[in-house]
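Rule-based calculations on the coordinates, nothing more; no lab input. From a predicted model like this one, the values you see are computed outputs, not experimental measurements. Don't worry about glycine lacking a Cβ; one is built from the backbone with ideal geometry, like all the others, and counts go over all protein chains shown.
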Amino acid sequence: MLNIENLHAAVDGKAILKGIDLAIGAGEIHAIMGPNGSGKSTLSYVLAGRPGYEVTQGSATLDGSDLLALGPHERAAAGLFLGFQYPVEIPGVSNVQFLRTAVNAQRRARGEAELSAGDFLRLSREQAGALDMSMDMMKRPVNVGFSGGEKKRNEMVQMGIIDPRLAILDETDSGLDIDALRIVGDGINRIMRKPDKAVLLITHYQRLLDIVQPDFVHVLAGGRIVRSGGAELAHELEREGYGAVAA
Ligand code: ADP
Ligand code: MG
């Protein structure tokens, strides 16, 4: 599904990604771990097409087509979803307005009919309900005044409604208490653990991986993937730290 080859990228002229190779197949969940500053968020931004992130070498394809040639909204319409490490607040725009606009823009871009108000409301009730989020919260401005945990939960509601094929989740678990972590982990499994979908999960914590159970684990250090393995690699990292494993 996603194929990254020798990807190099720079921010403000500073090289951050230095040759990433990564292939993610349909039905797979890949975890990326690694020390702070190693380029994990940069990788997710480059794949999502955030302005200011310059690809200097290499390629990334989604289902064989050149992902890097597409604008951010085209990548979203192609099925890519990015969960932010620090979710943005959007004053003046309610969650439901925001999501209905996003869903319908993507449907139009794919040549599909827009969802009616009724169908959208049903979908948002169902997805918010699955994540214990009230419709009152759905009507509030996006993330404004939400706690850290509520923002992350809201991202899962967004993901459930948008129903992407490939989700890149950047430290979705940061700032969550145990119960919220369970809700978010179960949400990832429920929404994304499907044969035609895939997930790139950036995390520091074994706790989330105990719930989501990745098929592959990679260690990113210094802008490169320095180790890859199965779920056991995450346990090794937890025991021995990045220093020993990434050396
Ligand atoms: P991680 O998510 O793994 O903690 P990041 O991708 O956020 O790492 O950052 C990787 C490196 O890129 C860090 O050294 C960081 O300081 C640098 N960096 C990120 N954004 C910028 C920027 N806008 N300008 C300059 N350097 C940046
Ligand atoms: Mg980061």
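Per-structure values
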quantity: Antiparallel bridges, percent of DSSP beta bridges restricted to the chain (to nearest 5); calculated: 60 percent
quantity: Packing-based ranking, highest mean first, of 109-119, 157-167, 204-214, 235-245 given that Cβ atoms within 10 Å are counted; calculated: 157-167, 204-214, 235-245, 109-119
quantity: Over the chain: helical MRE at 222 nm, DSSP H runs n ≥ 4 each giving -39500 (n - 2.57), nearest 500; calculated: -12500 deg cm²/dmol
quantity: Length added when fully stretched, Arg207-Arg140, from 0.36 nm per residue minus Cα-Cα; calculated: 21.1 nm
quantity: Nearest-ten-degree value, helix 178-192 long axis tilted from longest Cα axis of the chain; calculated: 90 degrees
quantity: Most mobile listed residue (Val46, Val11, Val199) in the chain, GNM with C-alpha springs under 10 Å; calculated: Val11
quantity: Cross-link reach list, lysines versus Lys194, counting only Cα pairs under 25 Å and skipping chain neighbours closer than eight places; calculated: Lys40, Lys151, Lys152
quantity: In order through region 111-118: 3J(HN,Hα) via Karplus (6.51 cos²θ - 1.76 cosθ + 1.60), integer Hz, x for Gly, Pro; calculated: x, 9, 6, 5, 6, 5, 4, x
quantity: Full-extension gain in nm, Asp63 to Arg108, via 0.36 nm per residue minus C-alpha separation; calculated: 14.2 nm
quantity: The chain - Rg over Rh from alpha carbon coordinates, Kirkwood radius; calculated: 0.96
quantity: Tensor-based shape of region 97-167 (alpha-carbon gyration tensor, a/c under 1.5 rounded, otherwise prolate or oblate); calculated: prolate
quantity: Other-chain or far-sequence residues with amide H under 5 Å of Lys197's (modelled H); calculated: Gly27
quantity: Table column - 3J(HN,Hα) (Hz), region 141-157, Karplus curve with 6.51, -1.76, 1.60, x for Gly and Pro; calculated: x, 3, 6, 6, x, 6, 5, x, x, 5, 4, 5, 5, 4, 5, 5, 5
quantity: Spin-label model distance (nm) - Arg50 vs Glu240, 7 Å beyond Cα toward Cβ; calculated: 3.1 nm
